[in-house]
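The values are calculated or read from the model by the stated rules, or taken from the named source; none is laboratory data. Predicted, not measured: the structure shown is a model, and the values here were computed from it. Cβ sites come from the backbone with ideal geometry, for glycine too, and all protein chains shown count toward neighbours. Surface areas here come from the heavy atoms of the whole protein model, side chains and all, with no ligands, DNA or RNA. Shrake-Rupley method; radii C 1.70, N 1.55, O 1.52, S 1.80 Å.
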Amino acid sequence: MSFPDSIAAPAPDWTRTALGDNASWPASLRLTVDILLNSPLPMVLQWSEQQIMVYNDAYVELLGLPSLSAPGGHVPPMQPSAWSWNPAAMAHARQGYSASYRGRNLPVWRDHGFTQKPLDLYYTPVRDDNNIVQGVLCALAPAQSMPAAQSARALTLLVVEDNADARYLVCETLRALGHEVEAAASGEEALPQLASQQFDVLFTDVSLPGMSGVDLARQARRDQPSLEVLFASGYGDELTRHLEFPARSLQKPYDLDVLQDALQQIVQSVQAKAA
């Protein structure tokens, strides 16, 4: 039997914060806060129109401000740099779009003064039980240059996945691999993004509520014939084997190596089209 290396601390008494009793929270907020507090990656959540902040110990350590103490749960007297450095980034996330920003200089407190630190920032909208965006989660990490093989050709992907946990994991993995990522929870939500932005790859689950991933890809390919399509399916390639357009398919659950191989093939295909 395997035992955990550590046990999480007891949950804070949220009744003493602006968020109130967590029994009344929407499920998405409970899940996001659980992930945030258990993550080694610096994370900060802005929730509701009040702009209540929740953050973890890693975020406190990164910013270094003596006044910060996790988990927060209050309205800050001044907007932190993760929100204030670029209002357009927050507006984009509030509209329901995930996005990443690389190598942004944000102030951190070191040696009794502020200094600029290059950070990679990842924004994810958080929806309530009615699928309305109520918050934005920001994960921060020291800026890292991408490996030469990846930085030579980063892909721009639209990830379409109705499961919030799976969508978050896939997007963060792709960003860690050096790619630019947007996300949607359904085919209907993805269509306006496909119409307004140029993507290299549509990476979609086959089984989606409403419009299926196959129908989404079919319509997207009609509008953008050069669009690469990558399916993820828990049912093998039964639904994607005999399509009238080229596509690749991954069997869920898939390994990181399998995903990287598929992306490398797509990079080669995109480069060949551009040649």
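Tabulated results
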read-out: Within the chain, percent of DSSP bridges classed antiparallel, to nearest 5; value: 60 percent
read-out: Phi-based couplings in Hz for segment 58-64 (Karplus 6.51, -1.76, 1.60; Gly and Pro marked x); value: 5, 5, 4, 5, 5, 6, x
read-out: Amide hydrogen neighbours beyond the local backbone of LYS117, cut-off 5 Å, H modeled; value: LEU106, VAL108
read-out: Packing rank of 67-76, 84-93, 104-113, where each peptide gets the mean count of other beta carbons within 10 Å, highest leading; value: 67-76, 84-93, 104-113
read-out: For GLY64, residues with placed amide H under 5 Å, excluding near neighbours; value: TRP109
read-out: Of every Cα-Cα pair in segment 116-275, the percent that sits beyond 24 Å; value: 34 percent
read-out: Rounded if a/c under 1.5, otherwise prolate or oblate - segment 29-174, Cα gyration tensor axes; value: oblate
read-out: Theoretical gain in end-to-end length, ASN86 to ALA141 [0.36 nm per residue, Cα-Cα removed]; value: 18.1 nm
read-out: Additional length obtainable on full extension of the chain from SER67 to PHE114, 0.36 nm per residue less Cα span; value: 15.5 nm
read-out: Inter-site label distance for TYR235 and ALA18 at 7 Å from Cα along Cβ, in nm; value: 4.6 nm
read-out: Segment 195-275, relative contact order [Cα under 8 Å, separation at least 6], %; value: 25 percent
read-out: Simple label model, 7 Å out from Cα along Cβ direction - LEU31 to ASP223, nm; value: 2.6 nm
read-out: Student exercise, the chain dipole from Lys, Arg, Asp, Glu Cβ charges, in Debye to nearest 20; value: 700 debye
read-out: Calculated FRET efficiency for the pair GLU244/VAL75, C-beta based, R₀ 45 Å, to 0.05; value: 0.25
read-out: Share of carbon and sulfur in the accessible heavy-atom surface of the chain [1.4 Å probe, %]; value: 52 percent
read-out: Prolate/oblate/rounded label for segment 189-275 (Cα gyration tensor, a/c 1.5); value: oblate
read-out: Accessible surface, 1.4 Å probe, highest first, among residues LEU263, LEU191; value: LEU191, LEU263
read-out: Directionally averaged projected area (convex hull, Cα atoms, the chain), nm²; value: 17.3 nm²
